[in-house]
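Participant: If you scroll down you'll find the structure; I have some questions about it.
What follows is calculated from the coordinates using simple rules that are stated; it is not laboratory data. Nothing here was measured: the structure is a model prediction, and the numbers come from that model. Methodologically, a virtual Cβ is constructed for each residue, glycine included, from the backbone with ideal geometry; neighbour enumeration extends over all protein chains shown.
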Amino acid sequence: MLTTVLSLIVVLGVLVFVHEAGHFVAAKWAGIYVHRFSLGLGSPIPWLTFRRGETEYSISWLPLGGYVKMASQEEEATSSALEGGRPAVPVPADRMFEAKPIWKRMIVILAGVTMNALFAWLLYSFLVAKNGRQIDPVTTVGRVVPELVPPEAEVLKTIQPGTRVLALNGKPVDSWEDVSDGIANAPEADIRLQLSDGRTVSLPIHPDALEQRLKASQALQPFRSPIVGQVLPDKPAAKAGIQFGDTIVAVNGRRMAQWYDVLEVLQASAGKELSLELAHGPRHVTVQVRPYVDSIPGPDGHLVAVGRIGVAVGGDYRSERLSLGEAAVEGWRATVAASTQILRTVRGLFSGRISKREVGGPILIAQLAGERARLGVDAFIDFMALISINLAVLNLLPVPVLDGGQFIFLLAEAVIRRPLPLRLRERLTMVGLVLIVLLMGLAFSNDIRRLFGG
């Protein structure tokens, strides 16, 4: 629980700071007077507030975002309350937000989302530079998981183990990433897999049906030889003398053609004595192990009890070390892919292809942040990059209380050569605020439903 809470504080604190720092730096560059830079909404906490020059830096009482309070000729009631009340400091007319050219104001408004996008790019690039590019050269199907196959992809069940995927939508595939990413993210509404058995199978799944796309990509799983790639200490496998690189030839006399055969037997044999025939080069030995009971998520998301012995599959993975320039290119591709997926999610919600019950709020973010933190630093950084690009894209939506809505106001001002009427902007802002409150209410209710298993 503590890890979950701390992870949420770190993720939201860093990303809100990055976003507001973009507005702050751009406002200073444009010559706009900045009253306050705040993490959190509402009035500042007195003992967490200090002043440097003309700007007050603070942490405020409501931990739901942050703001940069710029000098404005129009102190709106809604924003004034969220930004700690009306400031009393007199400001020269030429330092007001409205006094600056429209193009400068546009830069200030878009600086927050730009910083979030750049931050995501930096994090993705760092991970690629640190770990290299992981390549799984297998394109042979090992099995199809029937429970994961969506109705639109029933044809996947006809693919036999050992069949190779040659091309996806006419493009040759060189790795399993090409196969799984293509099924999940191909822009076409009809995914065509060319197979080594001479067939071409079609999966008519709309690009915005993200859940069905993801299930189809996970249902098709690559061939894995029954070779041990990792042995966990103090588990039954280690105690029995199983080593890295051992091939599991048979279990209780049953031949193991691939790793999934091993999993099937082990998971169904918790607490039972098993005889494993192992091969390591020319050496063959037989060991006895008793799988312990563990829990894993089932196809429906609920935990199921399975047997484990503390081994993981090996693979013919390749890791390519990249230069900083190449890492930056890969990081940019990852950023674009993540932002595209978010746009597809938004479209899917409006079109009904994605259920509104899938919308998540702060509790879901906290749970995911905690899970990633427990998986390690790299997983946590990857999650932070994803949330950062989420924040950037969602802030660009044309809703008046968001940066995208404010940009639309400035765009309209540039077209008609005068600001939109204040009353109109206030009404649109209130409508936008109501929409945001309703969406947050939906997200929070879904969080509560997930939390209590509803």
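Participant: Any idea what angle helix 362-375 forms with the longest principal axis of the chain, computed on alpha-carbon atoms, 0 to 90 degrees, nearest 10?
Facilitator: Roughly 50 degrees, rounded to the nearest 10.
Participant: A follow-up question, please. So if I place +1 on the C-beta of Lys and Arg and -1 on the C-beta of Asp and Glu, and nothing else carries charge, what would the dipole magnitude of the chain be about its Cα centre? I want it in debye, nearest 20.
Facilitator: That gives the chain a dipole magnitude of about 420 debye.
Participant: Determine which aspartates and glutamates satisfy two conditions relative to residue 100: a Cα distance under 15 Å, and not lying fewer than 8 residues away in the same chain.
Facilitator: The reachable aspartates and glutamates, counting only those whose Cα sits under 15 Å from residue 100, are 74, 413.
Participant: State which entries of 239/272; 130/235; 235/272 exceed 20 angstrom in Cα-Cα distance in the structure shown.
Facilitator: From the list (239/272; 130/235; 235/272), the Cα-Cα distance tops 20 Å for 130/235.
Participant: Compute the acute angle (0 to 90°) between the alpha-carbon long axis of helix 324-351 and the principal axis of greatest extent of the alpha-carbon atoms of the chain; round to the nearest 10°.
Facilitator: The two axes meet at around 80 degrees.
Participant: Cα convex hull of the chain: mean projected area in nm², to one decimal?
Facilitator: Reported value for the Cα convex hull: 26.7 nm².
Participant: Next question, about the same structure. Do the sum for the chain: with -39,500 (n - 2.57) for every DSSP H run of n ≥ 4, divided by all residues, what is the mean residue ellipticity at 222 nm, to the nearest 500 deg cm²/dmol?
Facilitator: Mean residue ellipticity, 222 nm, calculated: -15000 deg cm²/dmol.
Participant: Just to be sure I follow the definition: excluding the sites themselves, where is the longest run in the chain that has none of the GluC sites (Glu not before Pro) in a DSSP loop with at most 16 other Cβ atoms within 10 Å?
Facilitator: 274-454
Participant: Still on this structure, I have one more. Could you pull out every one of the lysines with an alpha carbon less than 24 Å from that of residue 157, ignoring same-chain neighbours closer than 8 positions?
Facilitator: 171, 215
Participant: Excluding residue 379 itself, what net charge comes from residues whose Cβ is under 10 Å from its Cβ, given Lys and Arg +1 and Asp and Glu -1?
Facilitator: It works out to a net charge of -1.
Participant: Within the chain, what's the longest run with no trypsin sites (Lys or Arg not before Pro) in a DSSP loop and at most 14 other beta-carbon atoms within 10 Å? Give the range, please.
Facilitator: That would be 1-198.
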